[in-house]
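Below you'll find the structure, written out as structure tokens, and then a few comments.
The values are calculated or read from the model by the stated rules, or taken from the named source; none is laboratory data. It should be emphasised that the depicted structure is a prediction, and the values quoted were computed from it without experimental measurement. Note that each Cβ is placed from the backbone with ideal geometry, even for glycine, and that neighbours are counted across all protein chains shown.
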Amino acid sequence: MPRGRPAKGRASSKAQPAVKANHEAEVKPQEKRTHKKMKLADVDDDDDDEDDGALNVIMQEVHKSHHELSETAWKSEQKVASQQRISDQKKEEEEVLKSFKQEPEEKEHSKIIINRAPVLTLWVAVVAEREGYTFEEGLSCGRFIAALFARTKGQWLGIFEKEVEAEARKAQKLVAPKGKRRVEQVERFEVFGMRIPGIRTETGLRLAVWGGKPIYPNVVKAYLLRAFGSDFDRVKAAMEELARAIPPDRIGKEAYHLYEKFRPQVPEGPQGWGAKGILDLDLIRKLAQEHAKS
């Protein structure tokens with residue numbers, strides 16, 4: 001082979017490293033760019049994750065704030081509603097009290113619908129007070145007489161004596177509180193034209209006895225207050241005016257006949273038992289004026 005021409009095989013082998021080097025030179029920048037892009041992509045993904053996390057935190061804070069605001073608003077509404085209810089209740093109470101205070105002036109007709117039992121009970125108490133008893137003693141006696149009338153359904157003709165005696169025998173068996181002593185002596189109290197059985201307490205209070213037990217005035221007064229309501233004082237005042245118009249030594253004899261004139265009118269017979277009628281306070285005052293003149 002001539003010396004000046006290089007061998008074909010050797011030239012080719014020398015050219016290959018150069019091509020390879022050129023190829024690697026071209027590939028490496030591409031790989032670097034690709035790697036850089038991948039890094040940028042990873043950075044972008046990390047940024048996206050951080051943004052998502054921050055967004056979630058912000059949304060949680062927003063929801064929390066919204067919940068707190070909603071709860072605060074709800075509590076505020078409830079407080080306002082509660083204050084409004086209290087205000088409405090106070091206004092209603094004020095209106096009721098206002099109407100209650102004006103009630104006596106508005107009831108110029110002075111007519112009350114009620115049954116007879118509480119009317120008789122209160123009238124007996126007022127009469128007893130006129131006869132020299134205390135009003136509390138009169139209440140006890142009034143309850144006795146009203147109960148007696150309710151049992152017998154009789155007229156004022158002295159036919160109650162058997163019932164009175166029966167109650168007196170029961171009173172003889174009365175045992176004092178805690179069984180300290182036995183009541184041996186039952187007194188008779190002249191009240192409302194009758195002689196009713198009763199006892200004296202340790203303080204000297206005279207109480208009627210019914211069913212073998214003393215009738216306490218506080219129980220009777222509570223009964224009358226329920227029956228008359230806000231009219232109690234006006235009815236009592238009208239009855240006291242009538243009682244004052246009659247001398248104490250005469251009122252016992254006339255008390256029941258006066259009651260027959262002003263008591264509530266109800267149907268005759270069993271239909272009228274416990275029925276309500278009209279009690280006219282003007283009629284009671286008129287009777288007082290008539291007796292004051294006589």
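Selection of first residues in region 211-224 that are in a helix (DSSP H, G or I) and of second residues that are buried (at least 16 other Cβ atoms within 10 Å of the Cβ) and of a type in the set (A, V, I, L, M, F, W, C), restricted to Cβ pairs under 7 Å at least 6 apart or on distinct chains, gives the following pairs, ordered by first then second residue: P217/L139; V220/L139; K221/L139; L224/L122; L224/F232.
Scanning region 246-258 for residues that are part of a helix (DSSP H, G or I) and among the β-branched types (V, I, T) returns a single hit, I251. Name the single residue that is modelled with the lowest pLDDT among those in region 268-294 being in contact with a strand residue (DSSP E or B) (Cβ under 9 Å, 6 or more places away or on another chain), outside any helix (DSSP H, G or I) and of a type outside the set (A, V, I, L, M, F, W, C). Once the filter is applied, the top-ranked residue is G274.
Working carefully through the options R206, R234, find the one that is closer than 24 Å to L283 by Cβ and either at pLDDT below 90 or among the basic types (K, R) (or both). Working first, answer last.
Numbers: R206 fails: closer than 24 Å to L283 by Cβ.
Of R206, R234, the one residue that is closer than 24 Å to L283 by Cβ and either at pLDDT below 90 or among the basic types (K, R) (or both) is R234.
Using the structure shown, decide if F189 is closer than 14 Å to A125 by Cβ and more than 39 Å from the chain's Cα centre (by Cα).
Working: closer than 14 Å to A125 by Cβ: yes; more than 39 Å from the chain's Cα centre (by Cα): yes.
In short, yes.
Being over 34 Å from the mean Cα position of the chain (by Cα) and either outside any strand (DSSP E or B) or within 24 Å of I112 (Cβ to Cβ) (or both) is a property that holds for A243.
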